[in-house]
Structure formats: structure tokens, C-alpha cells
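Please treat every number below as a calculation from the coordinates, not as lab data. As the structure is a prediction and not an experimental result, all values here were calculated from the model. Neighbour counts are summed over all protein chains in view; Cβ atoms, including those assigned to glycine, are modelled from backbone coordinates with ideal geometry.
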Amino acid sequence: MKSLLLYVAFVMCLVNWGCGNREVKEEKFVIEGQVENCNTFMKVAIVDIEKGKGREIASTIVSNGTFRLEGKVKGHVMGELRFRKGTVDFVTVKLMLENASYQVKMASPEDVQKTDDVFQRRQMVCVKGPKGQEELSEYEKEVLYAERDLNNKLKASAFSWAGNLPEDSVKKSNAEIQMLEAKFQGISESFIKRHPDYFVSAYLVEKELNTFFQYTAEEQQSRLRLVENNPDTVRVNRMKRVLPGMLKYARLCDYTDFEVQNVKGDTVRLSELMTKNKYVLIDFWASWCGPCRKAIPHVWELYREYPKELQVFSVSLDEKQEEWKKAMAEEKMEWMQLRCAGEMLRDVAMGYRLSSIPYLVLLNPEGKVMCATNSVDDVINQLKNALKD
């Protein structure tokens, strides 16, 4: 009897040890890969792409057709596995990275490089991993065609713009891009609503949360509520902390007032110049900015088309007053001309997240930010839609 009890106790220990092992998280990620017929020097790196261009977490060299990457991440991180020959990443695939094991298989580099289509190249790399990776793969399959169409159109447009296409062709191209962007966004939104518990859904919501003047406060709050029970608690808690600050830059938030200098050299506040019950367009530009000068004819169109409904301000960021006035004389702009430079620029940069020009801010008659964009077409569409109503 005693022997039997000892045996049962031993078996229970094994069961508990096994169950405990299954619950313990890996302390690091391990990515093991195979590359078919790899006869050339090739680097493989895993990069954290959550913020901007990315931070390399780990890298290695493919040796005898195999590679192994190890490292640690906190929670779930959107990563990119990059295969590089020389200084060029010739194929990249996304990974929902966590401290777990991944297996990667890639076709021969020669076969991969036979196509210029980045999406076809991606499909020549197979990644197997934990649940988060499976969910990411499901999302990428769903948006594949919409993402590819948008990517190809953006690439074609970049070549077209370099060739100085007629204005009508540029407008048509921009309209097509907006349509494809809306289609891609719609598929993505539908996926999140159907799978609010997927790790990739929490990533997508956070990505959109960090945009400026695109979504209303209500839309941002609604999106966060959708994934508030997501298993990626690290990301959800981070979004909850960030949300109050980001709502200051929500679409239809109150405009930020700031100081400017008029052509006489007097310092005034924008609010002192604004006319009640009118839409307001603020065009941030500079004499030295080529794209800004090209945008001025479009501002002219709006100024002429909506003389009663729209008030236009051009705000130059020129440091030198003489360069500003010279450009004003050349462009012959009839609407109010202002300058914002030096210390004055700080409030503008923070209030409107101004980082590049031309930058156009459209306010409704209640002083709410309808859009803040580098594209005149965005302003035209917003204004026309608002005036339709």
C-alpha cells in the first residue's frame, strides 16, 4: 500500500511538473530558419517596427542555408524579418514577435529575386509560430489584394509625379489613391471588429490611435473599447495611458491659437484676425519650399470659389523677412499674409503637430479642426463635403 501511494505521488508530481511547464512563458524568442540553395553571403535581422523606421533587435549571417536568431521582447511587438544581400533588404516579412519559438523557410534567394513584386516575395517565405503569428498571417491574407493595389498605385504615382504630369492627371491619381486607401482601411476595420481578441487587432488600433486629426474623440474611444479585453494587456494599458493626450489632436478638437506677425511687422494672435461664422484655411508655407509654391494655385482656387464661406491665411515659416516679402510679391496672393518664426513657431508645432510643409489646416465655423494635412486635395474634399450638407 505504501509503495502504491509513493507511486501515485510520483505520478502526480510528473503531471504537475508537465502542466507547470506548459504555463511557463519562454524567456526569449528563438527564430530558426532555412534558406534553400543559399550560396551567397546574406544577413538576416529581426527589427522592431512599432516606432518609425525600426530598431534592430538581433541579426546573424546565413550559414550553410540555416540561421538562428535569439533575443528578448516585452509583451508582443510587431517585428519585421529582413533578408539582406549587400546593403539592400530584398525581402521582408512581418512577425508578431513574443518570447516564443518560430520556424522560417525561404525559397532560394535567386528565385525570390526573379520577381519585383514585394508581395510575391513575401509569399516565398513561410513563417510558423505561436498564436499571435497565426493571427497576423490571417490578417495579412485578408488585406493582401487591397494592400497590393494601394502599394502599386502609390509606386506608379511616385513615378508619374516625377514626370510633371498635367494637373488633371494628378488629381485623378490622388482620387484613386484615396479610394484604395479607404478600401484597405475598411477591410482592416472589419477585421478588427470580427477579431477584437487578436493580438494584431490591438496593434492596429494602437497604430491608428497615434495619428493626428484623423479620427474624432468618440471614434478613438470607441476603437479602444473594442479591444479593451484583448489579451495583449501591456498594449491595452499603454493605449489607456496615451489616449487622454492624443484626444487633444482628435478630429474636430478645438483649434490652437497662436501669435503671428503681419506684413507691417506687428505681432497679433490668429484669433484676432478670424471672422465669425466662416471656415478658415491656414496654409503653412515658406519661400524656399518648392511643393509649397506649387500648392499656392490650389489655394487660389479655393479662395476664388468660396469668397463668402472661407477665410484664408497663408502663414510663412521664413526666418528672414525679406525672403518672405519677396516670395509674396512673386506669388501675388490676395488673401491675408502672416509670418510665424522663431519662438512663435513652438506653439504652432505643438498645437498642430507641424513637422513638414506645405501643411494645411481647415477649421469649421465653430473653430474645430476638420483636417490637418500636407495634401490640398484633402482640404478640397473636406470643404466641399461640408458645404454640401
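Okay, here's what the table says:
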| quantity | calculated |
| --- | --- |
| The chain - mean residue ellipticity at 222 nm from DSSP helices (-39,500 (n - 2.57) per run, n ≥ 4, rounded to 500) | -14500 deg cm²/dmol |
| Order of T373, T211 - criterion: other Cβ atoms within 10 Å of each residue's Cβ, fewest first | T211, T373 |
| Cβ-derived FRET efficiency at R0 30 Å, T267 paired with M350, nearest 0.05 | 0.95 |
| Net lengthening on full extension, R68/N237 (0.36 nm per residue, minus Cα-Cα) | 57.6 nm |
| Value of relative contact order over the chain, rounded to a whole percent, pairs C-alpha under 8 Å and six or more apart | 11 |
| Qualifying lysines (Cα of each under 23 Å from Cα of K326; at least 8 residues distant if same chain) | K264, K294 |
| Compactness index (Cα Rg / 2.2 N^0.38 Å), the stretch 285-371 | 1.09 |
| Where labels lie 7 Å past Cα in the beta-carbon direction, separation of K43 and D117 in nm | 3.0 |
| Antiparallel bridge percentage (DSSP; both residues within the chain; nearest 5) | 70 |
| Percent antiparallel among DSSP beta bridges (both partners in the stretch 259-388, rounded to 5) | 55 |
| Per-pair calculated FRET efficiency, R0 = 45 Å: E334 and Q214 via Cβ, rounded to 0.05 | 0.90 |
| Under 24 Å from the Cα of K74 - lysines, other chains or at least 8 residues apart | K25, K28, K51, K53, K94, K128, K131, K207, K240 |
| Fluctuation leader among K240, K264, K53 - the chain, Gaussian network, Cα springs under 10 angstrom | K264 |
| Residue exposure sequence - L345, L310 - by fewest surrounding Cβ within 10 Å | L345, L310 |
| Convex hull per residue volume in Å³, alpha carbons only, for the stretch 32-122 | 93 |
| Cα-centred dipole magnitude for the chain, charges only on beta-carbon of K, R (+1) and D, E (-1), debye, nearest 20 | 780 |
| Gain in span if fully extended, K368 to K308, counting 0.36 nm per residue against the direct Cα distance | 19.7 nm |
| Residues S59 and E110, FRET efficiency given R0 of 22 Å [Cβ-Cβ distance, rounded to 0.05] | 0.50 |
| Residues of type aspartates and glutamates that K183 reaches as a straight line, Cα spacing below 17 Å, ignoring anything fewer than 8 places off in the same chain | E140, E142, E147, D149, E208, D378 |
| Exposure proxy ranking, count of Cβ atoms within 10 Å, fewest first, for Y139, Y306 | Y306, Y139 |
| Spherically averaged projected area in nm², based on the convex hull that wraps the Cα atoms of the stretch 226-312 | 9.7 |
